[in-house]
Structure formats: structure tokens, C-alpha cells
Amino acid sequence: MAWHRHQFHAPLLPHWIVWRELEDERLVNIFPDYEVTATDFDCAAWMLYPSRSYLPLKVRVFVNFVKEKFRQGMPCA
């Protein structure tokens with residue numbers, strides 16, 4: 001969770017991942033009256049790949065392609 005501690009972000013994270021940070025007040029629920037899941041959105045995409053400095057070219061090209069498609073708007077909307 002370190003990526004959220006020093007900057008303002010409003011991530012959609014499952015409670016089972018952040019419950020300790022919420023209890024310790026290292027993260028704050030800014031929308032306590034709302035409950036949202038990833039399935040509440042019309043479209044979603046997740047990409048999992050190793051976090052390392054070298055990625056094979058085909059992985060990097062695919063990641064950049066998907067980022068560009070979503071930057072232009074929701075491709076599945």
C-alpha cells in the first residue's frame with residue numbers, strides 16, 4: 001500500500017487487502033457510505049505481469065496498446 005500513503009489516490013481495493021491499513025489509519029475510507037465492486041462498472045481490465053526493469057518487447061507492446069485504448073475512452077462501452 002506504500003504507493004497510496006504519500007499521494008492522493010482513490011483506489012478501488014478489496015477490504016481483505018487493506019483492513020490493517022484502515023485500522024491503523026494509514027489509509028482512510030473517503031466514501032464510507034458507498035460500497036462498490038469492480039463488477040459495478042460497465043467495463044474493466046486487469047493486466048498482471050512481473051514487476052521488473054526488463055519486460056519482453058511483446059509484453060511491453062501489448063501493455064502500451066491496452067493503455068492507449070483505454071486512454072481514448074472505454075473500448076467496451
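Readers should treat all values here as calculations from the given coordinates under stated rules, not as data from a laboratory. Values in this document were obtained by computation on a predicted structure and should not be read as measured data. Positions of Cβ are generated from backbone atoms using ideal geometry, with glycine treated the same way; all protein chains shown enter the neighbour counts.
Going by how many other beta carbons lie within 10 Å of each one, how would you line up 60, 52, fewest first?
Details: 60 12, 52 6.
Ascending Cβ contact count within 10 Å gives the list 52, 60.
What the phi angles of segment 49-59 give under the Karplus curve with 6.51, -1.76 and 1.60, with θ = phi - 60°, is a coupling list of 8, x, 8, 7, 6, 9, 10, x, 4, 5, 6 Hz, glycine and proline written as x.
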